[in-house]
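First comes the structure, then the notes that go with it.
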Amino acid sequence: MPVQIGAPTHDFSDPTGLLSDCHRRIEMFLGSLDAVARGIDHPLSDEAIRALDSALRYFREAAPKHISDEEESLFPRLRQVHHPDLQSALTRLDLLEEEHRQAAPLHAEIERLGQRCLSTGGLSPEEAEAFRKAVATLVSMYQQHISVEDGLVFPLAARLLSQTDKAAIANEMATRRKVRLVTGIPHI
């Protein structure tokens, strides 16, 4: 059984809750990248090396699944709902998808420079500055992005999507993670 630290997490019966939980992990790993970026001019401690490696792995492996959850599962279903309360959120979906595309080269730059730091033990002053700028830009982008999704999109989706749509989204999310759902309970 996994160890839970902090606030309770959601399960597949609440796919928008799971997406919001993922945002907490994104924020945590962005915090790790930001802390590493502040000290990237000096040799990294063992703790900073582990934090950098974990954050890079998270954004390389888990974050793309989250984007697919939104762009392939949630957003298309929201676009099919015709409800006046949803209209303001629908105008934001294209922008949210564009922000995902804008974040991709920043993630690639952070991955490239982070891997270089891990393999060589450091970065040149120019590389360190590029790493700091990419991390700062990504942190700023995600703050706004997550605010819109957690504050507007996810609550409306939780309220307005049918149970059938929520179950389909949960099933697609589980499939992306190679988890089998049986009556809404994940089985690995």
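General observations
- Residue among Ser32, Ser54 that alone is of a type in the set (Ser, Thr, Tyr) and out of contact with any Leu (no Cβ under 8 Å at 6 or more places or on another chain): Ser54
- Filter pass, Phe154 being buried (at least 18 other Cβ atoms within 10 Å of the Cβ) and closer than 26 Å to Asp14 by Cα: yes
- Of the residues Val135, Val179, the single one that is open to solvent by less than 40 Å² (accessible area, probe 1.4 Å), of a type outside the set (Ser, Thr, Tyr) and in contact with a strand residue (DSSP E or B) (Cβ under 7 Å, 6 or more places away or on another chain) is Val179.
- Number of positions in segment 11-45 that are surrounded by fewer than 15 Cβ atoms within 10 Å (Cβ to Cβ) and over 27 Å from Glu70 (Cβ atoms): 6
- Hits in segment 119-138 - residues which are small (Gly, Ala, Ser) and not in a loop (DSSP other than H, G, I, E, B): Ser119, Ala128, Ala130, Ala134, Ala136
- Test: residue in segment 4-22 that is within 16 Å of His107 (Cβ to Cβ) and in contact (Cβ under 8 Å) with a residue 60 or more places away in the chain: no
- Within segment 94-114, residues that are touching a residue at least 60 places away in the same chain (Cβ under 8 Å) sit with their Cβ atoms under 8 Å from residues that are aromatic (Phe, Trp, Tyr), at 6+ positions apart or across chains, in these pairs: Ile110/Phe59; Ile110/Phe131; Gly114/Phe131.
The values are calculated or read from the model by the stated rules, or taken from the named source; none is laboratory data. Note that the structure is predicted; figures quoted are calculated from it, not measured. Every residue, glycine as well, gets a Cβ built from its backbone with ideal geometry; the counts of neighbours run over all protein chains shown. Each accessible area value is taken on the protein alone, full model and side chains, heavy atoms only, with ligands, DNA and RNA left out. Shrake-Rupley method; radii C 1.70, N 1.55, O 1.52, S 1.80 Å.
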